[in-house]
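Beneath this line is the structure, given in structure tokens, with notes to follow.
The values are calculated or read from the model by the stated rules, or taken from the named source; none is laboratory data. Values in this document were obtained by computation on a predicted structure and should not be read as measured data. Note that we place each Cβ from the backbone using ideal geometry, even for glycine, and neighbour counts take in every protein chain shown.
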Amino acid sequence: MAERLNGYRILILETREEAQFSRLLAEQGADVVQCPMFTIHDAPDPAPIEAWIRRAIERPLDDLVLMTGEGLRRLMKVVRRIGVEAEFVASLGEARKFARGPKPGRALREIALEPQMTTEKPTSEGVAEMLSKLDLSGHRLGLQLYPDKDHATLIGAIKAQGAEVDTVLPYVYDAQAADANIVTAIDEMAQGRIDAIALTSSGQVRRLIEVAQAHKCESQLREGLQQTPIASVGPVVSDELKAYGLSTDIYPANDAFFMKPLISAMATALSKAPPRATAK
């Protein structure tokens, strides 16, 4: 990467892959301000998770849809705790595996498996579109869900194709715990102490607005975002920004909607002006 982020203060809201994103930015010299949108916890009742795992072993799935990398990692945590890792991984190896974007694919590779297909659009609609092209009639399909999302439409679409859907929700969000940090981040932007904000999911946009409204600082948030370059990882995030009357300033080149191209785009864009944050 020709340009680097030395001296630039970058705000990230990533929760599920915070450590990786922070490391990649720090390698380019950025001063990373971490503000996860949620605290993630294991599902409070492990029994349904364990039962799903045992069903996947005893009655191997024909297809597996992973909505998040975090979901598979949380499943593997339970798998290892109950001592069935070899059996579970072998069972998944027999199934067709589908990933909602690149993150579940990376989690699969951590257990030496690969997705057969990855959605072009990392959304539930993208998953439904991908699966609509396949024959699922009579298939047992495992669907890993994630919190704070109504998955009824996706589940209905899969069942309409003749599949038996077996769902699992391996983790939950604690949103309140992060509110104070989000309000502080809003103030940092409004005070001109952030050189860019990097957004990697549409949920981050909604959460920023919701917290700002709940704490009566939406005008401060919008003021901060007007003077802080907004870096969007891809079209889903940019569309969400547009829905709230906000615009994307930095965008990955060549339709490469991943963390590294986003960081490269930020380095290129920000190198045209000295860091504002360090001048304060």
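A quick yes/no check of all residues on (1) among the acidic types (Asp, Glu); (2) within 17 Å of THR15 (Cβ to Cβ):
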{"residue": "GLU50", "(1), (2)": "yes, no"}
{"residue": "ARG59", "(1), (2)": "no, no"}
{"residue": "GLY71", "(1), (2)": "no, yes"}
{"residue": "SER124", "(1), (2)": "no, no"}
{"residue": "GLU129", "(1), (2)": "yes, no"}
{"residue": "LYS133", "(1), (2)": "no, no"}
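Going through segment 99-140 one residue at a time, which ones are polar (S, T, N, Q) and either closer than 23 Å to LYS260 by Cβ or assigned to a helix (DSSP H, G or I) (or both)? Reasoning before the result, please.
Step one: of segment 99-140, the residues polar (S, T, N, Q) are 116, 118-119, 123-124, 132, 137.
Matches in segment 99-140: THR118, THR119, THR123, SER124.
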Discussion item. Can you tell me how many residues within segment 41-75 are surrounded by 18 or more Cβ atoms within 10 Å (Cβ to Cβ) and at pLDDT below 95?
Written reply: 3
Worksheet entry | Segments classed as strands (runs of 3 or more DSSP E), wholly inside segment 1-94, with at least 2 members that are under 25 Å from THR118 (Cα atoms) and outside the structural domain of LYS272 (by TED's automatic domain parsing) | 63-66
Discussion item. Name the single residue that is farthest from THR228 (Cα to Cα) among those in segment 148-201 being hydroxyl-bearing (Ser, Thr, Tyr) and assigned to a helix (DSSP H, G or I).
Written reply: THR153
Worksheet item: On the given criteria, is LEU143 within 29 Å of PHE258 (Cβ to Cβ), in a strand (DSSP E or B) and touching a Ser or Thr at 6+ places or on another chain (Cβ under 6 Å)?
Response: yes
Worksheet, complete the sentence: Flagged in segment 257-275 as within 20 Å of the chain's Cα centre (by Cα) and surrounded by 14 or more Cβ atoms within 10 Å (Cβ to Cβ), in numbering order, are PHE257, PHE258, MET259, PRO261, LEU262, ILE263, SER264, ALA265, MET266
Response to the item:
Of the candidates THR167, THR119, the one satisfying the condition of being surrounded by 14 or more Cβ atoms within 10 Å (Cβ to Cβ), at pLDDT below 95 and among the hydroxyl-bearing types (Ser, Thr, Tyr) is THR119
Worksheet item: List the pairs whose first member sits in segment 183-212 and is assigned by TED's automatic domain parsing to the domain that holds THR268, whose second member is assigned to a strand (DSSP E or B) and among the hydroxyl-bearing types (Ser, Thr, Tyr), and whose Cβ atoms are under 8 Å apart, counting only residues at least 6 apart or on separate chains?
Response: LEU199/SER232
